Amino acid sequence: MKDIVNFLFEVGMLKKTPRTGFQFLGSGDESVAEHILKTIFIGYALCKLESDVDELKVLKMCLVHDLPEARTGDMNYVNKKYVTVDEEKAVRELTENLFFGDDIKSVIDEFNEKKSKEALIAQDADQLSLIFQLKECGDLGNKYSKEWIAFAVKRLFTDTAKKMVDTIVKTDSSDWWFKDKSDWWVNGNNK
């Protein structure tokens, strides 16, 4: 039980671990845990749009894909030009004392290898999470977000994810809550 409790404390570090690319974008911020949550929901939606896919496997990949960042931190593309992270060591050490550690390790390995349909969908969910965040930044005035989105789109694998991006870029990020421009916004009730 002690190893599991320590693992769960480590997972909690993801709430405190910032995604570092936003410092270069100049706006936006997100913890690794926030990114993982969005990635899980995107993976879930992509599974509903795809056929013949192991949904549980996709969701597990989305859940653990950035788990090593509790130890390594988030390495953005600029950092990766200069710093080498031993993710394999981080995964090995964070899983070696867990009776379910081999499961976590195999899921992370499959995600990183990008060979299965499930891994490609989870990879797309990871990139779509970034694209959603970039779109929100762009809607709030960040002039660089469109260029960043264009690069992230090039990292997508599935047609479903590419179709989703077409809708993301055409949809205002506040549309889901601000589309009802009725008197509710004046008097605050549903009448």
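A few points about this structure:
- Euclidean distance between Cα centres, segment 1-21 to segment 57-91, Å: 13
- For a straight C-alpha distance cut-off of 16 angstrom, the aspartates and glutamates reachable from Lys15 (same-chain residues fewer than eight places away being disregarded) are Asp29, Glu30, Glu34, Asp66, Glu69, Asp74.
- Counting neighbouring beta carbons within 10 Å and listing from fewest to most, the residues Asp124, Asp180, Asp109 come out as Asp180, Asp109, Asp124.
- When you work out D = kT/(6 pi eta Rh) for the chain at 20 °C and 1.002 mPa s, using the Kirkwood radius from C-alpha pairs as Rh and the Stokes-Einstein form, the result is 119 µm²/s.
- Whole-Hz couplings from phi, Karplus 6.51/-1.76/1.60, listed for segment 143-154; x for Gly and Pro: 6, 8, 4, 4, 5, 5, 4, 4, 5, 5, 4, 5
- Label-to-label distance, nm, for residues given as Arg155 and Leu56 (7 Å Cα→Cβ offset): 2.9
- Unit charges on C-beta of K, R, D, E only; dipole of segment 1-142, Debye: 280
- When the pairs Lys105/Lys143; Lys38/Lys170; Lys117/Lys179 are compared against a 27 Å limit on Cα-Cα distance, Lys105/Lys143; Lys117/Lys179 fall above it.
- Each of Lys117, Lys80 was scored by other Cβ atoms within 10 Å of its Cβ. Listed from fewest to most, they are Lys80, Lys117.
Any read-out appearing in this document is the output of simple, stated calculations on the displayed coordinates, not a laboratory observation. These numbers come from a predicted model, not from an experiment. Virtual Cβ from ideal backbone geometry, glycine too; neighbours counted across all protein chains shown.
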